[in-house]
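There's a structure below that I have some questions on.
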Amino acid sequence: MRAAYFRYKEVILQREKDNDGKLYLLKTHDGWGWKMFSHSALIYAHEIAPKLQRNVKLREDTDFRCRTTDGVVTIKSLETVKEELKIIKAEMEFDKDGLVIFNLKEKFSKEQIEQMRRDDEKSWEDANKLVDVPKRIFPMLNKELKATEKILYENVRKFNPSARVLIGDRILQTVSSMMENFMMTMKGRGIEVAECLEFLMEEAYRLESQHVIVCNEKLTDAAQAKKIAFQIQELERRIDEALEKEKKKSGTKKKA
């Protein structure tokens, strides 16, 4: 089922490049539900869902293979979507082997689809600006901390239930605690900066130890495991740089 899913997805993503008025829905290989990718996801999230009064989130594609940068829409019930699309006169033109195609009877230009893409990117940028720490405060550490959280979340979400219990939830708890303490301290609402950085270093070592279990139990593929190990080391390097910077800053204050 997994192999068939990726074969279908590869074909769909090729068709999505010129898709201007259809919705391609692919059944997930784990049987959870259905997914729309690329242009289908953009069109559904920005044009169709609002007409149907549905609140839809465009999520990042975290599949190991055949990824789309435009995002993914996940649907739990195909039957519900079928009924709702009747409201806008959309017709189902294909339904076989876990692939369903709807014809929307409406065409969207390349310019319209590109605007949907820009609108989505701007929404995420605006959201991040509202909650992010000031760029002048440890910008590279901030960047690597976010990158670490991102790659770990993408990896852990693919663990099977027993692996999540074994180590996945602990990994996410560790990196979440790091993000929370860093954000609070950088906004002047947490512990002292030096204390926060020491905490981050200790938790980075904890992530490294937890990743050893992931590697030993082969909970992910070798290439991904190597990528994660490199990211954790890069995070440790940035924390160490920040610690040195803070120590020099403290030493200057004491002399003064």
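Among the candidates Tyr44, Tyr24, Tyr8, single out the residue that is of a type in the set (Phe, Trp, Tyr) and surrounded by fewer than 19 Cβ atoms within 10 Å (Cβ to Cβ).
Tyr8
Where residues in segment 183-212 are touching a helix residue (DSSP H, G or I) at 6+ places or on another chain (Cβ under 6 Å), more than 17 Å from Lys227 (Cβ to Cβ) and touching a residue at least 24 places away in the same chain (Cβ under 8 Å), which of them is most open to solvent (accessible area, probe 1.4 Å)?
That would be Arg206.
Mind checking which helices (runs of 4 or more DSSP H) fall wholly inside segment 136-225 and carry at least 2 residues that are among the aromatic types (Phe, Trp, Tyr)?
193-216
Among the helices (runs of 4 or more DSSP H) lying completely within segment 1-115, list those that include at least 2 residues that are out of contact with any strand residue (DSSP E or B) (no Cβ under 9 Å at 6 or more places or on another chain) and modelled with pLDDT under 90.
Helices (runs of 4 or more DSSP H) meeting the threshold: 2-16.
I'd like to know if segment 1-10 contains one or more residues that are over 21 Å from Lys110 (Cβ atoms), in contact (Cβ under 8 Å) with a residue 12 or more places away in the chain, among the basic types (Lys, Arg) and touching a Cys at 6+ places or on another chain (Cβ under 8 Å).
Among the residues of segment 1-10, at least one is over 21 Å from Lys110 (Cβ atoms), in contact (Cβ under 8 Å) with a residue 12 or more places away in the chain, among the basic types (Lys, Arg) and touching a Cys at 6+ places or on another chain (Cβ under 8 Å), which makes the answer yes.
Further question on the same structure: Show the residue pairs meeting these rules: Cβ distance below 7 Å; 6+ apart or different chains; first residue within segment 144-161 and within 15 Å of Met183 (Cα to Cα); second residue of a type in the set (Phe, Trp, Tyr) and modelled with pLDDT of 90 or more.
Leu145/Phe182
The values are calculated or read from the model by the stated rules, or taken from the named source; none is laboratory data. A quick note: this is a predicted structure, and the numbers were derived from the prediction, not measured. Note: ideal-geometry Cβ built from the backbone for every residue, glycine included; neighbour counts use all protein chains shown. Surface areas here come from the heavy atoms of the whole protein model, side chains and all, with no ligands, DNA or RNA. Shrake-Rupley method; radii C 1.70, N 1.55, O 1.52, S 1.80 Å.
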